[in-house]
């Protein structure tokens, strides 16, 4: 669960920020790459925070959840075709 959240929350913030920038006309390549860098930093930050605050953490389950969230679009594509 935490692995999926570590992927979903930064992406949600990125999409909302990019949508707002596009609607106001302030979207650019630089803002896109800054947002991507922010996603990476936020994902690592969430993983570190979960490791610090959740004592009984099973790393393999966290990483499986993260991997499943990362590959969900591939699974959907394979199931559709």
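Below is a table of values for the structure above.
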read-out	value
Pair list, Cβ < 6 Å and 6+ apart or interchain, from the range 31-46 residues that are closer than 10 Å to residue 10 by Cα to residues that are part of a helix (DSSP H, G or I) and at pLDDT below 90	43/6; 46/6
Listing of helices (runs of 4 or more DSSP H) fully contained in the chain that carry 2 or more residues being surrounded by 14 or more Cβ atoms within 10 Å (Cβ to Cβ) and more than 11 Å from the chain's Cα centre (by Cα)	2-24, 29-53, 59-70
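The values are calculated or read from the model by the stated rules, or taken from the named source; none is laboratory data. These figures come from a predicted structure and were not determined experimentally. Note: ideal-geometry Cβ built from the backbone for every residue, glycine included; neighbour counts use all protein chains shown.
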